[in-house]
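Notes to accompany the following structure.
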Amino acid sequence: MAVGDRTPNMSIYKPTSGEEVYGASFGSGLDNIDSHDHTGGPTNGVQISTDAIEDGAVTPPKLSEEIFLEATGQTTDGTTTEIANYDVAEAEAVTIAGRWVGLKSDTTEANGGNFVATFRRPTGGSITQVGVTVRNSNDDSSGTPYFDVSADAGNERISLEMHGEAAKTINWHVIYNVVTWPDITDT
């Protein structure tokens, strides 16, 4: 039995004589597709230049939640404010990790660091945190603003929280990623 070929750019499989399910015009069409500038083939794919990708065109929801997500927010006093959240399904375990930065509105104080936390939700049960949030932070504030991650049992989700400082406006930015089991891409 004959074995087909792969086109040079996109590695499209082309059946050879004896394997053909389609006519010769189909093979010509595959060659035509392959001759255009495409990416992704295991050999000879054409790379897209940075200038060819519009700002904001490639976002985490279009790729994977295992790639960094981001959120921004603001606290205007010594308040706790949710900046982002992540729903946890029944029979799921989640580890969430990321980095944050907070800058006082007059730019005279800042805080930032990284975190990792793990949660689980049993079948028929409520979300619970496994251990405690591991957090490393740097801060030059006169008070104690900080970033935290906690279980929101009322909404069955993970809450990412900014904890502000009395009489100060702080602008926050966080990037984080999520790893789940079972893997959300398997479901």
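Details
- Count - residues of the stretch 94-126 that are surrounded by 12 or more Cβ atoms within 10 Å (Cβ to Cβ), of a type outside the set (Asp, Glu) and under 12 Å from ASP140 (Cβ atoms): 6
- Residue in the stretch 166-181 that is within 21 Å of GLU70 (Cα to Cα) and part of a loop (DSSP other than H, G, I, E, B) present: yes
- Residue match in the stretch 123-138 (condition: modelled with pLDDT of 95 or more, under 18 Å from ALA71 (Cα atoms) and in a loop (DSSP other than H, G, I, E, B)): no
- Boolean, VAL130 is in contact with a Phe, Trp or Tyr (Cβ under 8 Å, 6 or more places away or on another chain) and either loosely packed, with under 14 Cβ neighbours inside 10 Å or free of Cβ contacts under 8 Å to residues at least 60 places away in the same chain (or both): yes
- Residues that are over 17 Å from GLN74 (Cα atoms) and more than 25 Å from the chain's Cα centre (by Cα) within the stretch 140-171 comprise ASP140, SER142, listed in sequence order.
- Meets criteria (under 30 Å from ASN171 (Cα atoms), at pLDDT below 70 and of a type in the set (A, V, I, L, M)) for LEU63: yes
- Qualifying residue in the stretch 89-96 (condition: assigned by TED's automatic domain parsing to the domain that holds ALA151, modelled with pLDDT of 80 or more and on the phi > 0 side of the Ramachandran plot): yes
- Residues that are surrounded by 14 or more Cβ atoms within 10 Å (Cβ to Cβ) and either part of a loop (DSSP other than H, G, I, E, B) or aromatic (Phe, Trp, Tyr) (or both) within the stretch 154-165 comprise GLU156, GLY164, GLU165, listed in sequence order.
- The residue pairs whose first member lies in the stretch 156-181 and is farther than 19 Å from ARG121 by Cβ and at pLDDT below 95, whose second member is crowded, with 23+ Cβ neighbours inside 10 Å and of a type in the set (Asp, Glu), and whose beta carbons are closer than 7 Å, counting only pairs six or more residues apart or on different chains, do not exist in this structure.
The values are calculated or read from the model by the stated rules, or taken from the named source; none is laboratory data. Treat the numbers as computed from the prediction; the structure is a model and nothing was measured. When we count neighbours, we look across all protein chains shown, and the Cβ atoms used for this are built from the backbone with ideal geometry, even at glycine.
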